[in-house]
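Chemist: Have a look at this one before I ask anything.
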Amino acid sequence: MILSYQMHQKMHRCSFSDAYACQDEYHGNVVSESLNFRIRESVRLRSPMPQPPKGEAMDRVDILIIGQGPAGLSAAIYAGRAGIRTLVLGCDPKVAGDYIIDNYFGFPEPITGKELIARGVSQAERFGADMRCERVLGVHAEEEGYVVRTEAGEIATAALILATGVSRVRPGIANIADYEGKGVSYCVSCDGFFYRDKTVAVLGEGIFAANQALELLQYTPHVTIYTQ
Ligand SMILES: Cc1cc2nc3c(=O)[nH]c(=O)nc-3n(C[C@H](O)[C@H](O)[C@H](O)COP(=O)(O)OP(=O)(O)OC[C@H]3O[C@@H](n4cnc5c(N)ncnc54)[C@H](O)[C@@H]3O)c2cc1C
């Protein structure tokens, strides 16, 4: 079944002065402002911030990346290789499960999302990036950068990269999450290949559902649209 509910890509200026509001609106995920990844326009990568004086509790880094998905890890690899003190916050992204990834450049054999993310983490760590599974609760701009508040405390950073992904608008079907990646998909260009010659239902409405159904016809003639 392909669910044609559009990704929630509403542009949203999440200033993070009150990240709670963002999280509520987007079902617990802070949403990045553009496609998957953007560098905050006001990021000014200044000379590395000084080490905190002895005894100071607050951690300090040069770049803090919020998000441990493909976008955040890619940014961490570049920042780490540039010798910049880099911290990545965020836990396993949704794709880090047993989902088969079949379309990633450089992987001729299918790879699970879990393995792909694990490889990205170890690659970023190889270049010195630190990883922490911590949820960001708020961000405040300061004269010298930003202070990021997490569940565990506060971290000062000269630059901030938001790579928090997007949230899907799930239909109100009980237990639907249990079937994602096991016959329930949200993206024909990602997963249509797995439905070759299968009987597929597209659940959705409007032009988006129609487009997804048309795209599916490349893979199977057995397509039915369920719509309001
Ligand atoms: C089930 C599934 C299957 C998929 N299959 C494919 C596929 O086959 N091919 C394909 O090309 N794409 C696939 N995708 C899409 C692909 O996974 C996404 O496009 C990609 O993960 C987006 O990367 P990202 O780094 O922008 O965001 P995400 O991977 O969504 O990562 C977001 C990160 O931000 C963190 N975060 C969010 N809010 C906070 C906060 N407040 N504090 C701290 N951290 C936070 C999260 O913990 C997470 O680490 C699939 C997605 C899913 C869910």
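Per-residue answers, yes or no, for (1) within 30 Å of Q218 (Cβ to Cβ); (2) in contact with a strand residue (DSSP E or B) (Cβ under 9 Å, 6 or more places away or on another chain); (3) modelled with pLDDT of 95 or more; (4) within 12 Å of the ligand (Cβ to nearest atom):
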residue	(1), (2), (3), (4)
V139	no, yes, yes, yes
Y146	no, yes, yes, no
R168	yes, yes, no, yes
I173	yes, yes, no, no
G181	yes, yes, no, yes
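Chemist: State yes or no: is V121 surrounded by 15 or more Cβ atoms within 10 Å (Cβ to Cβ), within 11 Å of the ligand (Cβ to nearest atom), assigned to a strand (DSSP E or B) and modelled with pLDDT of 95 or more? Before the answer, list the steps.
Modeler: On the way: surrounded by 15 or more Cβ atoms within 10 Å (Cβ to Cβ): yes; within 11 Å of the ligand (Cβ to nearest atom): yes; assigned to a strand (DSSP E or B): no; modelled with pLDDT of 95 or more: yes.
No, not satisfied.
Chemist: The conditions are (1) in contact (Cβ under 8 Å) with a residue 60 or more places away in the chain; (2) farther than 22 Å from T150 by Cβ; (3) touching a strand residue (DSSP E or B) at 6+ places or on another chain (Cβ under 8 Å), and G90 fails exactly one of them. Which is it?
Modeler: Unmet condition: (2).
Chemist: Among the residues of segment 124-137, which ones are more than 10 Å from the ligand (Cβ to nearest atom) and either surrounded by fewer than 18 Cβ atoms within 10 Å (Cβ to Cβ) or not assigned by TED's automatic domain parsing to the domain that holds C91 (or both)?
Modeler: E125, R126, F127, G128, D130
Listed here are the residues, each with its yes/no results for (1) in contact with a His (Cβ under 7 Å, 6 or more places away or on another chain); (2) in a loop (DSSP other than H, G, I, E, B); (3) of a type in the set (D, E).
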site: C190; (1), (2), (3): no, no, no
site: F193; (1), (2), (3): no, no, no
site: V202; (1), (2), (3): no, no, no
site: I207; (1), (2), (3): no, no, no
site: N211; (1), (2), (3): no, no, no
site: E215; (1), (2), (3): no, no, yes
site: Q218; (1), (2), (3): no, yes, no
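Chemist: Kindly provide the set of residues from segment 168-182 that are touching a helix residue (DSSP H, G or I) at 6+ places or on another chain (Cβ under 9 Å) and under 16 Å from D98 (Cα atoms), ordered by number.
Modeler: G181
Chemist: Between A141, A158, which is closer than 30 Å to I84 by Cα, touching a Pro at 6+ places or on another chain (Cβ under 9 Å) and not in a loop (DSSP other than H, G, I, E, B)?
Modeler: Values: A141 fails: touching a Pro at 6+ places or on another chain (Cβ under 9 Å).
After applying the criteria, what remains is A158.
Chemist: Could you please find all residues in segment 115-150 being within 23 Å of G183 (Cα to Cα) and in contact with a Phe, Trp or Tyr (Cβ under 8 Å, 6 or more places away or on another chain)?
Modeler: Filtering segment 115-150 for residues within 23 Å of G183 (Cα to Cα) gives 115-117.
L116, the sole residue that qualifies.
Chemist: How many residues are within 11 Å of the ligand (Cβ to nearest atom), among the acidic types (D, E) and loosely packed, with under 13 Cβ neighbours inside 10 Å when one looks only at segment 68-111?
Modeler: Counting residues in segment 68-111 that are within 11 Å of the ligand (Cβ to nearest atom), among the acidic types (D, E) and loosely packed, with under 13 Cβ neighbours inside 10 Å gives 1.
Chemist: So is G153 surrounded by 17 or more Cβ atoms within 10 Å (Cβ to Cβ), at positive phi and more than 10 Å from the ligand (Cβ to nearest atom) or not? Break it down stepwise before answering.
Modeler: Values: surrounded by 17 or more Cβ atoms within 10 Å (Cβ to Cβ): no; at positive phi: yes; more than 10 Å from the ligand (Cβ to nearest atom): yes.
Criteria not met by G153.
The values are calculated or read from the model by the stated rules, or taken from the named source; none is laboratory data. Quick caveat, the model's predicted, so the values are computed rather than measured. So basically every Cβ, Gly included, is an ideal-geometry build from the backbone, and we count neighbours across all protein chains shown.
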